[in-house]
Amino acid sequence: MKVKEAIKITEGFTRTSKMPGLSYSLPAWECKTGSKLRKVKGSVCASCYALKGNYTRYPAIKAAQYRRLEAMKHPDWVTAMAAVIKRQKWFRWHDAGDVQSLEHLNNIYKICEATPDTRHWLPTREAWIKDHLTDKPNNLVIRFSAPMVNQRAPESWPNSSEVVSSGASCPSAKQGNQCLDCRACWDATIKTISYGKH
């Protein structure tokens with residue numbers, strides 16, 4: 001499949017200034033667990049970065065996210081995603097939004113398998129995914145995100161993340177809010193990443 005056709009099917013990708021490579025942004029308004037956590041004071045989702053700033057300042061961004069959500073129903077979505085992602089060394093799933101269903105997760109697995117030379121990172125708050133980790137491709141790191149600010153990440157997950165008020169292990173705050181040469185999020189040997197509250 002040609003990249004031009006693939007981008008049309010997928011409704012495009014996002015390129016954040018912070019990270020290397022592309023990402024795929026979905027509407028945070030449609031997060032299954034996140035939409036519940038948004039109502040909980042002190043949760044990470046109560047001050048979700050994807051529900052403020054440029055994500056809401058420009059209506060075109062929100063509209064594009066909803067088009068991507070709809071695009072996932074296209075019968076060639078997996079093939080189209082792989083056609084673009086295979087040109088990336090690093091890929092982040094969902095700089096906004098989260099996994100919508102088991103079908104969505106299984107399609108992500110298919111895309112990872114079709115792009116073996118790409119390192120994938122999937123942060124999520126969907127705890128049910130833990131029941132499906134045995135099927136996870138080796139080039140994908142799934143990090144379960146602790147739901148509350150300053151809550152320790154669960155030990156039961158192979159990889160996880162947490163948001164802390166101080167003492168973050170993620171170096172981006174000291175690097176102009178960029179990853180630069182850090183690739184810890186994509187590294188399965190690093191059990192937990194701590195991000196600063198933002």
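Coordinate-derived values only; no laboratory data. Worth saying up front: this structure is predicted, and the values here are computed from it rather than measured. So basically every Cβ, Gly included, is an ideal-geometry build from the backbone, and we count neighbours across all protein chains shown.
Annotation for segment 123-198: trypsin sites (Lys or Arg not before Pro) lying in DSSP loop with at most 16 further Cβ atoms inside 10 Å of their Cβ are 152, 183, 191, 197. Each listed q (0.12, 0.15 Å⁻¹) maps to a log10 I(q)/I(0) for segment 1-91 from the Debye sum over equal C-alpha point scatterers, namely -0.43, -0.66. The trypsin sites (Lys or Arg not before Pro) of segment 28-113 that meet both conditions, a loop assignment by DSSP and at most 16 other Cβ atoms within 10 Å of the site Cβ, are 32, 39, 41, 52, 73, 86, 87, 89. Based on alpha carbons, the Rg and Dmax found for segment 44-124 are 13.6, 36 Å.
With a sphere of radius 11 Å drawn around the Cβ of residue 124, what net charge do the other residues whose Cβ falls strictly inside it have (Lys, Arg +1; Asp, Glu -1)?
Details: positive: 32, 125, 130, 143; negative: 98, 126.
So the environment of residue 124 carries a net charge of +2.
The stretch between residue 128 and residue 73, if pulled fully straight at 0.36 nm per residue, gains 17.7 nm over its current Cα-Cα span.
Annotation: extensible slack from residue 151 through residue 8 equals 47.5 nm (criterion: 0.36 nm per residue apart, minus Cα-Cα distance). How high is the relative contact order of the chain, in percent, counting Cα pairs under 8 Å that sit 6 or more residues apart? Worked out over the chain, it gives 21 percent. Taking Cβ atoms as reference points and 12 Å as the exclusive limit, the residues near residue 33 contribute a net charge of +2, counting Lys and Arg as +1 and Asp and Glu as -1. Using a/c under 1.5 as the rounded threshold, could you call the chain rounded, prolate or oblate? The axes a ≥ b ≥ c are square roots of the C-alpha gyration tensor eigenvalues, and prolate needs a/b larger than b/c, oblate otherwise. Cα axes put the chain in the rounded bin. Looking at the chain alone, DSSP beta bridges between its own residues are antiparallel in about 10 percent of cases. Out of segment 110-198, which GluC sites (Glu not before Pro) are coil in DSSP terms and have no more than 10 other C-beta atoms within 10 Å? Sparse-neighbourhood loop GluC sites (Glu not before Pro): 155. Counting Lys +1, Arg +1, Asp -1, Glu -1, what net charge surrounds residue 181 among other residues with beta carbon under 15 Å of its beta carbon? Surrounding charge for residue 181 is +4. The orientation-averaged shadow of the Cα convex hull for segment 126-198, equal to a quarter of the hull surface, comes to 5.3 nm².
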